[in-house]
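Peer 1: Before I ask anything, let me first share the structure, which is written out below as structure tokens.
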């Protein structure tokens with residue numbers, strides 16, 4: 001009985017460490033800007049999908065949830081914070097839809113079966129990242145008005161960077177799925 005409880009406690013501790021390290025990775029990915037065309041690229045969406053693929057939807061969503069909670073509490077974890085504000089004020093700004101979309105994209109990337117051929121994996125990852133942009137565009141439309149060029153402002157500048165990140169993840173997915181057996 002004690003051995004089973006010890007194993008259970010070790011597993012819980014392992015999950016907590018993964019969630020904390022994942023939140024840290026997400027924070028770092030938000031802060032590093034990589035020169036790219038037409039706008040600088042962060043690796044946030046890469047990490048969001050990576051978390052879902054590698055650790056499954058439960059740990060992935062817990063990790064993204066912790067990251068969002070940290071940001072709402074005022075920790076400068078989001079991209080462009082603290083420069084453009086922190087906490088709930090920053091969270092409810094133009095990027096809120098994208099940030100909420102992170103949760104759903106992580107869930108989708110972790111929940112869908114990615115044990116298929118490379119083309120199917122690529123399509124499923126496109127669908128996963130599209131969820132982020134769907135939430136982002138909806139919130140942007142609500143915030144700034146539907147009469148503005150929302151797609152040109154909130155999607156188009158990021159398409160090349162997303163394609164680049166999805167291509168990398170597509171090539172890594174089979175290896176990342178193999179890591180699940182270690183958690």
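The values are calculated or read from the model by the stated rules, or taken from the named source; none is laboratory data. What you see is a predicted model; the values in this text were computed from it and never measured. Here the Cβ positions follow ideal geometry from the backbone for every residue, glycine too, while neighbour counts run over all protein chains shown.
Peer 1: I'm trying to understand the selection: among the residues of the range 2-35, which are more than 19 Å from the chain's Cα centre (by Cα) and assigned to a loop (DSSP other than H, G, I, E, B)? Reasoning before the result, please.
Peer 2: Keep residues of the range 2-35 that are more than 19 Å from the chain's Cα centre (by Cα), which gives 2-14, 35.
Of everything in the range 2-35, just one residue is more than 19 Å from the chain's Cα centre (by Cα) and assigned to a loop (DSSP other than H, G, I, E, B), namely 35.
Peer 1: Still on this structure: Does residue 122 fit the bill of being touching a helix residue (DSSP H, G or I) at 6+ places or on another chain (Cβ under 7 Å), at pLDDT 95 or above and either over 18 Å from residue 29 (Cα atoms) or not in a helix (DSSP H, G or I) (or both)? Give the steps one after another, and end with the answer.
Peer 2: Numbers: touching a helix residue (DSSP H, G or I) at 6+ places or on another chain (Cβ under 7 Å): yes; at pLDDT 95 or above: no; either over 18 Å from residue 29 (Cα atoms) or not in a helix (DSSP H, G or I) (or both): yes.
Here the answer is no, as residue 122 does not meet what is asked.
Peer 1: Next up: Does residue 106 qualify as being buried (at least 23 other Cβ atoms within 10 Å of the Cβ), under 26 Å from residue 12 (Cβ atoms) and in contact with a helix residue (DSSP H, G or I) (Cβ under 9 Å, 6 or more places away or on another chain)?
Peer 2: Yes, satisfied.
Peer 1: Counting only residues that are part of a loop (DSSP other than H, G, I, E, B), surrounded by fewer than 22 Cβ atoms within 10 Å (Cβ to Cβ) and touching a helix residue (DSSP H, G or I) at 6+ places or on another chain (Cβ under 6 Å), which one in the range 43-80 is modelled with the lowest pLDDT?
Peer 2: If we take residues in the range 43-80 being part of a loop (DSSP other than H, G, I, E, B), surrounded by fewer than 22 Cβ atoms within 10 Å (Cβ to Cβ) and touching a helix residue (DSSP H, G or I) at 6+ places or on another chain (Cβ under 6 Å), then 79 is modelled with the lowest pLDDT.
Peer 1: Could you grab me the full set of residues in the range 81-111 that are under 13 Å from residue 65 (Cβ atoms) and either in contact with a strand residue (DSSP E or B) (Cβ under 6 Å, 6 or more places away or on another chain) or outside any helix (DSSP H, G or I) (or both)?
Peer 2: Residues satisfying the conditions do not exist here.
Peer 1: Restricting the search to the range 129-155, which residues are in a helix (DSSP H, G or I) and exposed (fewer than 13 other Cβ atoms within 10 Å of the Cβ)? Break it down stepwise before answering.
Peer 2: Quick first cut of the range 129-155, residues in a helix (DSSP H, G or I) only: 129-144, 150-154.
142, 151, 152, listed by residue number.
Peer 1: Okay, next question. Would you check if residue 22 is modelled with pLDDT under 95 and touching a helix residue (DSSP H, G or I) at 6+ places or on another chain (Cβ under 6 Å)?
Peer 2: no
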